[in-house]
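Following: one structure in structure tokens, then a few remarks.
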Amino acid sequence: MNAYYMSSNSNVHRAVHTLAGEATEGYESCRTRLKEWFNADRAVITSGTTEAINLVAHAWGRANLTAGDAIVLTEMEHHSDIVPWQMLAEERGVELRYIPVLEDFTLDMEAYAASLDGAKLVCVVHTSNVLGVRNPLEEIIELAHGNGSLVLIDAAQGVPHERIDFKQSKADFMAFSAHKMCGPTGIGALLIDGDVFETMQPFMGGGDMIETVTVNGSTYQNNEHKFEAGTPRIAEAVGWCAAFDWLSKINLSEEHNRLIKIARWVSEQLRSMGISVYGRHDEKDSAVVSFLHPKIHSEDLAHLFDSRGIAVRTGHHCAQPLLHRLGISGTVRASFYLYNTMDEAKIFVEQLKLITERFG
């Protein structure tokens, strides 16, 4: 990104000078990498998962949904996969149906199957950012398509741990962010099935998404630029390419197995201390450990960890419906990724024991 700003800083898709050509090549290289990495025909570059989901709500939802249509969601969705649909429902009279989360932290698949009648779209998180639970996407997509419903996957928490084949998954939309997979913040993508892409209408107007403009009207691009109005995230796209280069040298499957073992060990240690852990840590789940100490408030605990050089997240994690379902207002969440080791996990547990002895 620094190299781009120092030697190729220009806008894309416009001028014919050398810098513009280099910038365009750098930006479009990111789209090429996205299509190759995920095996997709259409990849719209966005500011992140949130914009990608909102793009579906505006560009597909407004063009294809009317009063009386239904959208199926789950109780474990991130707010970014709830609020856009609530806004659309209020505007268009669309019905929203929520799939419950069971006591074992999995989705009620019987309720899901029963909810599909009349549904035009299913929105489901690949992996819960609170629980780390990886949902049965294969079954969810198969049942949805059998009902004639499209499927949107919020894969923000899935892409860091799993090399997802978009075509093979048969999902219709998939949204995710670069910063979850070692890339920069402020950029993400929406993968779209080729046939579904043709049913979408622009939701932002301006430069780069147009084909022609006259005082009497405009025509639009037929490719992904149709949904990328204005100056795009050029430096971030260049940075994301670098992240793909780095990740391509790593065996994500092996790393996932290593990390889930760490998370499973940590969760076992916490439970042995009388601490409530929310999640199951099966083989396909992600390596996050959400927990609540029986006596120490989560915010206080986070500050105590921070003073010891340990970073955790607290709060509702932008998943208030899920926490309401669990009967809590927030958790402490420890997340383990490629750069974490078992030794660090042991330090985390040791420090928690010391904190508990002193303050608990």
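Computed from the coordinates by the stated procedures, all read-outs in this text should not be read as laboratory data. In this text, all values refer to a predicted model and were calculated from it rather than measured experimentally. All Cβ positions, glycine included, derive from the backbone under ideal geometry; neighbour counts span all protein chains shown.
Shape class of the range 252-359 from the alpha-carbon gyration tensor: oblate, with a/c at 1.5 or above and b/c at least as large as a/b. Bridge orientation summary for the chain: considering DSSP beta bridges with both residues in this region, about 60 percent are antiparallel.
Within the chain, which complete DSSP H helices have Cα atoms spanning at least 27 Å along the helix axis and a mean Kyte-Doolittle hydropathy of 1.6 or higher?
none
For L252, the shell of other residues with beta-carbons less than 11 Å away shows a net charge of 0, using +1 for Lys and Arg and -1 for Asp and Glu.
For I99, nonlocal amide neighbours, meaning residues 5 or more places apart or on other chains whose placed amide H falls under 5 Å from its own, are L73, T74, E75. Can you count the Lys pairs in the chain with C-alpha separation below 15 Å, eight or more apart or on different chains? Lysine pairs satisfying the spacing and distance rule in the chain number 5. Taking other C-beta atoms within 10 angstrom as a stand-in for reagent exposure, T212, T46 fall in the order T212, T46, fewest first. What does the charge count around R42 come to, taking other residues whose C-beta lies under 9 Å from its C-beta (Lys +1, Arg +1, Asp -1, Glu -1)? Within the 9 Å Cβ shell, the charges total -2.
The mean sequence separation of alpha-carbon pairs under 8 Å and at least six residues apart, normalised by the residue count of the range 2-247, gives a relative contact order of 24 percent.
The mean sequence distance of close C-alpha pairs (under 8 Å, at least 6 residues apart), as a share of the length of the range 158-294, puts its relative contact order at 19 percent. With q set to 0.20, 0.27 Å⁻¹, the log10 of I(q)/I(0) for the range 217-271, from the Debye formula over equal scatterers at the Cα positions, is -0.84, -1.02. From the square roots a ≥ b ≥ c of the eigenvalues of the alpha-carbon gyration tensor of the chain, which class results: rounded (a/c under 1.5), prolate (a/b over b/c), or oblate? Oblate.
With neighbours defined as other Cβ atoms within 10 Å of a residue's Cβ, the residues D193, D154, D117 order from fewest to most as D117, D193, D154. Considering only A319, F173, S7, and ranking their Cα positions along the charge dipole of the chain that arises from unit charges at the beta-carbon of Lys, Arg, Asp and Glu, the one farthest toward the positive end is S7. Other residues lying with their Cβ under 11 Å from the Cβ of P321 contribute a combined charge of -2, Lys and Arg counting +1, Asp and Glu -1.
Here is the size of the range 20-128 from its Cα atoms: Rg then Dmax, 16.9, 55 Å. With neighbours defined as other Cβ atoms within 10 Å of a residue's Cβ, the residues I250, I192 order from fewest to most as I250, I192. What the Cβ-Cβ distance of N251 and S218 gives, at R0 = 56 Å and to the nearest 0.05, is a FRET efficiency of 0.75.
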